[in-house]
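Heads up: the structure comes next, in structure tokens.
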Amino acid sequence: MIIIRPLDIKEKTAYNNVVKHPLQTWEWGDFRRKTGVEVERFGLFDGQMMVGGMQVTFHPIPHTPYTVGYFPKGQMPDEEQLHALFDLGRRKNALFIKLEPNVASAVDKPQAHETLQNFLQQNGAVPGRPLFTKYTFVLDLKPTEEVLLEHMKPKTRYNLHLAERRGVQVVQDDSDEAIEEYLRILHETTNRQQFYAHGPEYFRTMWQTLKPTGMIHIFRAVLEGKTLVAWIVFVHNNVLYYPYGASSNENREVMASNMMMWKVIQFGKQQGCTSFDMWGSLGPDADPTNPWYGFHKFKEGYGGVLTEFMGTYDLLVMPQYYKIYRFLEELRWKLLRFRAKFLKT
């Protein structure tokens, strides 16, 4: 029988060893606490041995006594774990807990998702608005560098060699100055592409909290002393992740991002990572008119497998208020999209 109970700080290392994603790590929870979010952690025990973990954040709904829970990239919960999450949601006055299980398979393989999706819906969950994209590219890092190069798209290899000829250099820079450089370039990126990004203090707090763990790293692609591209990457339990990137408006013709991706791949191999999760993409038959199409094609060029997650489900704790919440949420997003379109024109 699996026992579910809260954890003590002395169990941090054991907990980190059993969770599979950076957003479930103990340190990520510490970071989120510093941003004002409430965090709850539980260990799953088979006798005295911890075999799994769950970390849930709770976010207040403005001007109400209620919250929304979020269980990102955790293990697929079974019936007992869903009951534990439901009870936790009741104690935290949550309307629902958003579940985004870290369960995925290649899009061209037979899917097991339907059985899991049906299970969640039979146990009080409904499809919800996603916070993570449903798809990502996953690159197998076990082959040699020569094989990885061979599996790239020809255009990607060409751009990589072009960046090399133009003199682009990529440096790992885990200094406090590097996070400020990243934020400077992120400001350029958001202004150019008109997308939402967390504020500077979010990234500074993340950096200061995660840096001592060795989980987070910053890379800069540099040409003639100028930083053209800056990325933040994570390493956890032999998996490399690329969650955040920013690029300058200058010298875009030298293809610095292509060199950056290759050097990060090499770094992942040196760290003993066996796979590289590129943290989001469009799905099969991607629409060329989609604003993220270029980013999707960029990642596709490195030969990774297009992978589909099982999706987003909201575990209902107060179903009587959930429909009202979703209606207001949809209205808010429509207003934000209208505002963004109006400002762009």
### Message
Condition (residue is outside the structural domain of V19 (by TED's automatic domain parsing), in contact with a Gly (Cβ under 6 Å, 6 or more places away or on another chain) and more than 19 Å from C273 (Cα to Cα)) applied to the stretch 155-164: is it met by at least one residue?
### Response
yes
### Query
Here are L160, L139, L131: which of them is touching a residue at least 12 places away in the same chain (Cβ under 8 Å), part of a helix (DSSP H, G or I), among the aliphatic types (A, V, I, L, M) and within 30 Å of V107 (Cα to Cα)?
L160
### Message
Can you report the number of residues in the stretch 124-147 which are crowded, with 17+ Cβ neighbours inside 10 Å and over 25 Å from the mean Cα position of the chain (by Cα)?
### Response
1
### Query
If we scan the stretch 204-211, do we find a residue that is touching a strand residue (DSSP E or B) at 6+ places or on another chain (Cβ under 6 Å) and not in a loop (DSSP other than H, G, I, E, B)?
yes
### Query
In the stretch 79-121, what residues are surrounded by fewer than 17 Cβ atoms within 10 Å (Cβ to Cβ) and either on the phi > 0 side of the Ramachandran plot or touching a Pro at 6+ places or on another chain (Cβ under 7 Å) (or both)?
N93, V107
### From the options K92, K109, residue that is of a type in the set (D, E, K, R) and touching a Phe, Trp or Tyr at 6+ places or on another chain (Cβ under 7 Å)
K92
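Matching residues to (1) surrounded by fewer than 20 Cβ atoms within 10 Å (Cβ to Cβ); (2) closer than 29 Å to Q169 by Cα:
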| site | (1), (2) |
| --- | --- |
| A230 | no, yes |
| N249 | yes, yes |
| G283 | yes, no |
| A286 | yes, no |
| K297 | yes, yes |
| G303 | yes, yes |
| D314 | no, no |
| Y322 | yes, no |
| F327 | yes, no |
### Query
Could you list, in sequence order, the residues of the stretch 84-109 that are closer than 17 Å to E38 by Cβ, hydrophobic (A, V, I, L, M, F, W, C) and in a strand (DSSP E or B)?
A94, L95, F96, I97
### Query
Could you list, in sequence order, the residues of the stretch 163-193 that are assigned to a loop (DSSP other than H, G, I, E, B) and polar (S, T, N, Q)?
S175
### Task
Hey, could you check the stretch 62-77 for residues that are more than 23 Å from the chain's Cα centre (by Cα) and in contact (Cβ under 8 Å) with a residue 24 or more places away in the chain and say which is surrounded by the most Cβ atoms within 10 Å (Cβ to Cβ)?
Y66
### Task
Identify all residues within the stretch 222-242 that are out of contact with any His (no Cβ under 8 Å at 6 or more places or on another chain), free of Cβ contacts under 8 Å to residues at least 60 places away in the same chain and within 21 Å of W292 (Cβ to Cβ); write none if there are none.
V229, A230, W231, Y242
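The values are calculated or read from the model by the stated rules, or taken from the named source; none is laboratory data. Quick caveat: nothing in here was measured; it's all calculated off a predicted structure. Note that we place each Cβ from the backbone using ideal geometry, even for glycine, and neighbour counts take in every protein chain shown.
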